[in-house]
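Read the structure below first, then the notes.
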Amino acid sequence: MTEATTRRPDSGNLDLRGDALRVLDHNELFGLQEYVEQHAAKREMEAAPSDEEVGQTLAWSQGWEYRERNFAREALVINPLKACQPLGAVLAALGFAGTLPYVHGSQGCVAYFRSHLSRHFKEPVPAVSSSMTEDAAVFGGQANLIEGIENARALYKPEMIAISTTCMAEVIGDDVKMFLGSAEEAGALPVGFPAPYANTPSFVGSHLTGYDSMLFSILSLLTQDASPEPTVGPRPRINVLPGFDPYVGNVREIRRLLGQLGVE
Ligand code: SF4
């Protein structure tokens, strides 16, 4: 069968060929004819510079004049783009199989994380929140956290729940560790269920520190019973921790480079 006869016009990023439903990632998706045409139309509507102008600017940016202008700068800001900590914590949690990112705090923050990551990766991004509102802001979010964990486990059946916090929970001083103990007592969280947590208020740090804090918390939990002596199994593996790097092309490149070193 040809693609023309099997792809519905409204099929979006779903490849409906064959029996399996396959979600295309953005590398393949944006190579499709409809997206190529959309991109061309967008460039026309925005009166984008011609290829020639782009080439001229590129050549100028590689020349001496551009270099001297950069060296003449007196003020420099490194990493000016700063998003909030739980966004990084959610991304770190998504890297572990069967893990549900759970954000203790207000719902709107989590809607922002989900939409931000979904728009970037062009894939659905699971993340839940304890939906704290005015009453929780006054009386504390313990009841929200316990009920939220119970619901999340019943609905999504995760193997691990990775909990981060928003500004709201941190401003009122919610004690997540204590709340998790209460959740165990209430039967909402089985004793010993993996539930790493990281405090991620966004009035300090950024998405980078949020990612690191959650990663540290998860790895601390997963390795708490590990022997301090390193052991090498029959199929040695290397874990690559790229940090907050949302560009899947970089991961592919790391894999390619490791492949050249003979690492599977
Ligand atoms: S309130 Fe805080 S956690 Fe929520 S989106 Fe804003 S900065 Fe991020």
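Annotations for the structure displayed:
- Cβ-placed point charges (K, R +1; D, E -1), dipole of region 85-222 about Cα centre in debye, nearest 20: 520 debye
- Under 12 Å of direct C-alpha separation, and excluding same-chain neighbours fewer than eight residues apart, Lys122 reaches these aspartates and glutamates: Asp25, Glu28.
- Helix 142-156 axis, angle to the chain major axis (alpha carbon atoms, nearest 10°): 60 degrees
- Virtual spin-label span in nm between Thr133 and Ser220, 7 Å along Cα→Cβ: 3.4 nm
- Dipole magnitude of the chain, debye to nearest 20 (Cβ charges: Lys/Arg +1, Asp/Glu -1, about Cα centre): 440 debye
- With the simple model of a label 7 Å out from the Cα in the direction of the Cβ, Arg237 to Gln56 spans 5.3 nm.
- With both labels modelled 7 Å from their Cα along Cα-to-Cβ, the Glu264 to Tyr112 distance reads 4.4 nm.
- Listed residues Leu180, Gln224, Leu81: farthest to the positive end of the dipole of the chain (Cβ charges): Gln224
- Degrees separating the helix 176-185 axis from the principal Cα axis of the chain, which is the longest one: 50 degrees
- Take every DSSP beta bridge whose two residues both sit in the chain; close to 20 percent of them are antiparallel.
- Relative packing of peptides 175-181, 40-46, 241-247, 24-30 - highest average C-beta neighbours within 10 Å first: 175-181, 24-30, 241-247, 40-46
- Cα centroid separation, region 238-259 to region 36-110: 18 Å.
- Cross-link partners of Lys42 among aspartates and glutamates (Cα-Cα below 13 Å; sequence separation of 8 or more within a chain): Glu34
- Neighbours of Glu150, meaning other residues whose beta-carbon lies under 15 angstrom from its beta-carbon, give a summed charge of -1 when Lys and Arg score +1 and Asp and Glu score -1.
- Taking a straight line from the alpha carbon of Lys177, these lysines sit under 24 Å away, with near neighbours fewer than eight places off in the same chain left out: Lys157.
- Each of His39, His116 was scored by other Cβ atoms within 10 Å of its Cβ. Listed from fewest to most, they are His39, His116.
- Taking all pairs of distinct alpha-carbon atoms in region 21-62, Kirkwood radius in angstrom: 12.4 Å
- Shown here is the pair-distance distribution of region 165-212: with all Cα-Cα distances grouped in 10 Å bins from zero up to the longest one, the shares run 24, 43, 28, 5 percent.
- Every helix of 4 or more DSSP H residues in the chain counts as -39500 (n - 2.57), and over all residues that averages to -14500 deg cm²/dmol at 222 nm.
- Taking the Cα centre of region 153-258 as origin and assigning +1 to Lys and Arg Cβ atoms and -1 to Asp and Glu Cβ atoms, the resulting dipole is close to 620 debye.
- Intensity falloff of the chain expressed as log10 I(q)/I(0), Debye formula with alpha-carbon point scatterers, at q = 0.07 Å⁻¹: -0.38
- For region 27-172: rounded, prolate or oblate by the Cα gyration tensor [a/c cutoff 1.5]: prolate
- Working from Cα pairs under 8 Å separated by at least six residues, relative contact order for the chain is 19 percent.
- Between 0 and 90°, nearest 10: helix 207-222 axis offset from the chain longest Cα axis: 50 degrees
The numbers here are math on the coordinates, done by the rules we state, and not lab data. What you are looking at is a predicted structure, and each value in this text was computed from that prediction instead of being measured. So basically every Cβ, Gly included, is an ideal-geometry build from the backbone, and we count neighbours across all protein chains shown.
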